[in-house]
Amino acid sequence: MARPRESLDLPGILARVRERLESLNMSAHAASTLAKKPDAIRNLERAIKKNTGRAGISTATIRALATVLETTPAWLLDGTGHDEASAADRLTRAPLISWVSAGNIASPDAVSDIESAPKVFAADLPHGSWIALRVVGASMDRISPPDSIILVNMDETRRVPNACYVIAGVDGEATYKRYRTNPERFEPVSTLDTFDTIFLGENVNPRIVGRVRRTVLDL
């Protein structure tokens, strides 16, 4: 059953929102924007100033802010539980900064302001430096079909057999492949047989941008 709005402790909610903002070093505007609830926190502040208990924040806004602030709706509402969501409940925010070719190597689009990039949210991912990339091409279509989004942890650059990576050449051109050994190579995982394998050697040693941990595909 939904909680009546008049029973909400708006000053307490605002205090907890500000506590999480400080912990995450995030502005109120950025949090509201990421939650897709423009001016949500500002409206809450206005409601408190007007001493209005029936308006100020909805339960849907509480849930959206809790996701962005890496906490739980229960904690924001009344301080129940822990201020920081568990790893299983926490959603990772990955900026969708570019695209990556899963066929021939191609230079990705540049984004001047990563904070302005749209965000992809994903649950149950480990801590890391995450980016999201949209896949172009079919050389990895058995794992990541064209137009799917891959989540890449840039903190993981150690080569692990059978893991998938975004790699970059000397010119910064990026591609997405699976790493295999004996011999060392980055190879396509495709329904087609028209894509080349990159064999590693003295003069071929691409830089690992990060390990691909998840594919997201809207149906």
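What follows draws every value from the coordinates through simple rules; no lab data is involved. Only a predicted model underlies this, so the values are computations on that prediction, with no experimental measurement involved. Reconstructed Cβ throughout: ideal geometry from the backbone, glycine too, with neighbour counts over all protein chains shown.
For segment 157-198, name all the residues that are in a loop (DSSP other than H, G, I, E, B), among the hydrophobic types (A, V, I, L, M, F, W, C) and free of Cβ contacts under 8 Å to residues at least 60 places away in the same chain. First the steps, then the outcome.
Step one: list which residues in segment 157-198 are in a loop (DSSP other than H, G, I, E, B), which gives 157-163, 169-173, 181-184, 188-197.
Those left that are additionally among the hydrophobic types (A, V, I, L, M, F, W, C): 160, 163, 170, 189, 192, 195.
Of everything in segment 157-198, those that are in a loop (DSSP other than H, G, I, E, B), among the hydrophobic types (A, V, I, L, M, F, W, C) and free of Cβ contacts under 8 Å to residues at least 60 places away in the same chain turn out to be V160, A163, V170, V189, L192.
How about segment 187-210: which of its residues are surrounded by fewer than 11 Cβ atoms within 10 Å (Cβ to Cβ) and either closer than 13 Å to S101 by Cβ or of a type in the set (S, T, N, Q) (or both)?
Result: T191, T194, N203.
Within segment 31-62, track down each residue that is surrounded by 15 or more Cβ atoms within 10 Å (Cβ to Cβ) and within 20 Å of R93 (Cα to Cα).
Result: A31, S32, T33, L34, A35, K37, A40, I41, T61, I62.
Give segment 132-155 a look and list any residue that's over 19 Å from T92 (Cβ atoms) and surrounded by fewer than 24 Cβ atoms within 10 Å (Cβ to Cβ), or say none. Can you show your working first?
Taking segment 132-155 and keeping what is over 19 Å from T92 (Cβ atoms), we get 136-143, 145-147.
Listed by number, the residues that qualify are V136, G137, A138, D141, R142, I143, P145, P146, D147.
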